[in-house]
Amino acid sequence: MRYRVYVVELSKKVFTENRKFREANPQFNGVLQCLYVGMTSKTPQERFIQHRTGYINKKGHKLSANIVQKYGMYLRPSLYEHLNLKPMTRAEALALEEKLAWDLRRQGYAVWFN
């Protein structure tokens, strides 16, 4: 199975309304955007739709992030497309998700990832 990373821009309301998000991003100065970084075996577009609609799988497990469901605005392909050029395993995508999130934080974005 092929995995990909993706980035969703979040409303800046997440920074003022979500304490955990704010605490995870003490470096944020409000200039750049708030982001969610994830990984998926679906296309980023399919996964974004799942987040926004509160997707629940056949076993009854919620597979959408509340933060994206409530604050997600749109995908930011310029921040991730170049990373999805070669197929990745699940383990590679998980590692890349974390690396991308930390890289974006270092650039001044406020970022949430799992």
Going through segment 15-43 one residue at a time, which ones are outside any loop (DSSP other than H, G, I, E, B) and touching a helix residue (DSSP H, G or I) at 6+ places or on another chain (Cβ under 7 Å)? Phe15, Phe21, Arg22, Cys34, Leu35, Tyr36, Val37, Gly38, Met39, Thr40
I need every pair where a residue in segment 73-94 that is under 18 Å from Cys34 (Cα atoms) has its Cβ under 8 Å from the Cβ of a residue that is of a type in the set (Asp, Glu) and surrounded by 15 or more Cβ atoms within 10 Å (Cβ to Cβ), sequence separation at least 6 or different chains. Met73/Glu9; Tyr74/Glu9; Leu75/Glu9; Arg76/Glu9
Please go through segment 5-22 and give me each residue that is farther than 10 Å from Ile67 by Cα and either in contact with a Ser or Thr (Cβ under 6 Å, 6 or more places away or on another chain) or buried (at least 20 other Cβ atoms within 10 Å of the Cβ) (or both), ordered by number. Val5, Tyr6, Val7, Val8
Kindly establish whether Lys12 is free of Cβ contacts under 8 Å to residues at least 40 places away in the same chain and in contact with a Cys (Cβ under 7 Å, 6 or more places away or on another chain). yes
Any residue that is out of contact with any Leu (no Cβ under 6 Å at 6 or more places or on another chain), of a type in the set (A, V, I, L, M), exposed (fewer than 14 other Cβ atoms within 10 Å of the Cβ) and at pLDDT below 95 - is there at least one of those in segment 87-96? no
Quick one: what pairs do we get from segment 28-46, first residue over 15 Å from Glu97 (Cα atoms), second surrounded by 14 or more Cβ atoms within 10 Å (Cβ to Cβ) and of a type in the set (Ser, Thr, Tyr), C-beta under 8 Å, 6+ apart or different chains? Phe28/Tyr109; Leu32/Tyr109; Gln33/Tyr109; Cys34/Ser11; Cys34/Tyr71; Cys34/Tyr109; Glu46/Thr40
Go through the residues of segment 59-67 one by one and say whether even a single one is part of a helix (DSSP H, G or I) and more than 11 Å from the chain's Cα centre (by Cα). yes
Considering (1) part of a helix (DSSP H, G or I); (2) surrounded by fewer than 17 Cβ atoms within 10 Å (Cβ to Cβ), say which one Phe48 fails and leave the rest. (2)
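The values are calculated or read from the model by the stated rules, or taken from the named source; none is laboratory data. As the structure is a prediction and not an experimental result, all values here were calculated from the model. All Cβ positions, glycine included, derive from the backbone under ideal geometry; neighbour counts span all protein chains shown.
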